[in-house]
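Written out below as structure tokens is the structure these notes cover.
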Amino acid sequence: DGDIELNGSSSPVSAMVLDASGKQVSASVTWEAQELTGITIGNGTTLKLSDATPGTYHIRPVWNGLYPADWLTVTVRPQRELTSIEISDPEGILADRRLDDTRKVSVDLTALDVHYIDQYGEATAAAPEEPDWYVSKDGATQIESVPKPATNYEIDKAGTYAFYAQWKGVRSNALTLTVYPAATLNRIVIADNPQDKVLGEYILGSGTNTFD
């Protein structure tokens, strides 16, 4: 993740110098590596992980070139790489929707949660402001790119839409949105209020019969 100042306050290791009686004395130490290649300690104090080769190494503190301590094991792991992207919808952005006759269904994909995970199962420090978004319809294998910014993706046809986030060639899990057709009129139900008796019995020739 970066170079380490071995004598710094945030260093994962520390060293102290003791006199013959075991009392700590104020003295600075330098550090050395057992291996000649693969790892470097700059100026005797800075562990140069940015230049290191993955592997297992050993370092130790030394005071005034004398009295070296025991070797400490240092494992250098490969540089972090993006291995997976996880998207979720805690706000229900992709809840089922229905078309109507006047407007399209609009979806703001940037409101989804996006997490970028490295090979160690940790969130990566580097992440884009917005990933590339893709969509497929009704289980199709072919996916289409969503124009950026993906704040207003419009849908005008019913179906099931699957959305993916992608960055550096890594594609996320899919989240789906079901869009139903616009509601259509298929029957009319009428009922007579018994109190009004609008649909009662009428005798022809007895007057003007009206229905309201």
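General remarks:
- Computed over protein heavy atoms with a 1.4 angstrom probe, the accessible surface ordering of His58, His115, largest first, is His115, His58.
- Relative contact order of the chain, pairs being alpha-carbon contacts under 8 Å that are 6 or more residues apart, as %: 15
- Rolling a 1.4 Å probe over the protein heavy atoms of the range 100-196, with every protein chain left in place, gives an accessible area that is 48 percent carbon and sulfur.
- Binning the alpha carbon pair distances of the range 113-163 at 5 angstrom intervals from zero yields the distribution 4, 16, 21, 19, 16, 13, 7, 3, 0, expressed in whole percent.
- Separation of alpha-carbon centers, the range 16-31 and the range 58-112, rounded to whole Å: 41
- The slack between Thr102 and Ile117, meaning 0.36 nm per residue of separation minus the straight C-alpha distance, is 1.3 nm.
- Placing +1 on the Cβ of every Lys and Arg and -1 on the Cβ of every Asp and Glu, with nothing else charged, gives the chain a dipole about its Cα centre of roughly 320 debye.
- Excluding the site residues themselves, the longest part of the chain lacking any trypsin sites (Lys or Arg not before Pro) in a DSSP loop with at most 11 other Cβ atoms within 10 Å is 104-186.
- Its Cα gyration tensor gives the chain an equivalent ellipsoid. The semi-axes, each the square root of 5 times an eigenvalue, are 76, 20, 11 Å from largest down.
- Global size of the range 102-191 as Cα Rg and Dmax, reported in angstrom: 17.5, 67
- Sequence-separation-based contact order of the range 43-118, relative, with Cα cut under 8 Å and 6+ spacing, percent: 28
- With at most 16 neighbouring Cβ atoms within 10 Å, loop GluC sites (Glu not before Pro) (DSSP) excluded, longest segment of the chain: 130-200
- Think of the chain as having a plus end and a minus end, set by charges on the Cβ of Lys, Arg, Asp and Glu; of Leu72, Tyr180, Val25, Leu72 sits farthest toward the positive end of this dipole.
- The listed residues Tyr164, Tyr180, Tyr116, Tyr67 rank as Tyr67, Tyr180, Tyr164, Tyr116 when sorted by accessible area, largest first, using a 1.4 Å probe.
- Under 30 Å from Lys157, Cα to Cα: lysines that are on another chain or at least 8 residues apart: Lys104, Lys137, Lys148
- With semi-axes defined as the square roots of five times the eigenvalues of the C-alpha gyration tensor, the equivalent ellipsoid of the range 25-76 measures 21, 11, 8 Å, largest first.
- Lys/Arg +1, Asp/Glu -1 at C-beta; the chain dipole; positive extreme among Ser10, Ala127, Thr46: Thr46
- Anisotropy class of the range 22-127 from Cα gyration tensor, a/c 1.5 cut: prolate
The values are calculated or read from the model by the stated rules, or taken from the named source; none is laboratory data. Source: prediction; values computed, not measured. So basically every Cβ, Gly included, is an ideal-geometry build from the backbone, and we count neighbours across all protein chains shown. Accessible surface is based on the protein model in full, side chains and every heavy atom, while ligands, DNA and RNA are left aside. Shrake-Rupley method; radii C 1.70, N 1.55, O 1.52, S 1.80 Å.
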